[in-house]
Amino acid sequence: MKNIEFDANLSFKSTLGVIGLYARDNKIVCVEMLGAKNLGPSGAGPALADSGKAKVLIEAKKQILDYLAGKLKVLDFPVEYHGTPFQEAVWKQIDKIKFGRTLTYGEIATKIGNPAAVRAVGGAVGSNPVPIRIGCHRVLGSTGTITGFSGGDGISTKTQLLKLEEIDYK
């Protein structure tokens, strides 16, 4: 996990593997997708954490599990993130992408008023502290290709999320 201050955390098993949630002041500040590799061969996984009583942890877990089960299309649990003004502009654009839709890195760069910053947009997408909630899996390369994914088991995790939303990709 990135160096983020939190006062409560919770981890749980999902179809993507272990997911860690970290909250501060009853807002999610980090979603950490640890991936299926952390479940281990027996599926038992690491010791699951439950530290603190932030209500947002239970709500975020429920929404994420419902989303992964195909029962929910909008995740709206409260989040708080801190990045550079550029990163935050990118994350705000990603947060506007609806379920089943995509944008390219170039389209995001144009929307934030800096069309030449495609690579920098990629860096900001990769540093999204609350993936799934801010759907960075919905950002594709200019030809609809998957160019990378830093959460969970990488590209295979992104592929799972795209298939869940019935998004075509290359």
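The values are calculated or read from the model by the stated rules, or taken from the named source; none is laboratory data. Values in this document were obtained by computation on a predicted structure and should not be read as measured data. As a convention, Cβ positions derive from the backbone with ideal geometry for all residues, glycine included, and neighbour counts pool all protein chains shown. Accessible surface is based on the protein model in full, side chains and every heavy atom, while ligands, DNA and RNA are left aside. Shrake-Rupley method; radii C 1.70, N 1.55, O 1.52, S 1.80 Å.
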Name the longest site-free stretch of the chain, where the excluded sites are GluC sites (Glu not before Pro) in a DSSP loop with no more than 16 other beta-carbon atoms within 10 Å. 81-165
Computed lengthening from Asp7 to Glu88, 0.36 nm per intervening residue step minus Cα-Cα distance: 26.9 nm
So for the chain, Kirkwood radius off the Cα pairs, Stokes-Einstein at 10 °C and 1.306 mPa s: how many µm² s⁻¹? 98 µm²/s
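Explain nothing, just the number: relative contact order of the range 76-170, from Cα pairs under 8 Å at least 6 residues apart, as a whole percent.
Numbers: 115 pairs, mean separation 26.7, N = 95.
It rounds to 28 percent for the range 76-170.
Express in nm, to one decimal, how much length is gained between Leu72 and Thr143 on full extension, taking 0.36 nm for each residue of separation and deducting their alpha carbon distance. Numbers along the way, then the final one.
Numbers: separation 71, 0.36 × 71 = 25.56 nm, distance 2.81 nm.
Residue separation times 0.36 nm, minus the Cα-Cα distance, leaves 22.8 nm.
For the chain, what is the mean residue ellipticity at 222 nm derived from helices alone (per DSSP H run of n ≥ 4: -39500 (n - 2.57); sum divided by total residues; nearest 500 deg cm²/dmol)? Could the numbers behind the result be given before it?
On the way: 5 runs with 51 residues, N = 170.
Calculated at 222 nm, the ellipticity per residue is -9000 deg cm²/dmol.
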Quantify, in whole percent, the carbon and sulfur part of the accessible surface of the chain (1.4 Å probe; protein heavy atoms only). 52 percent
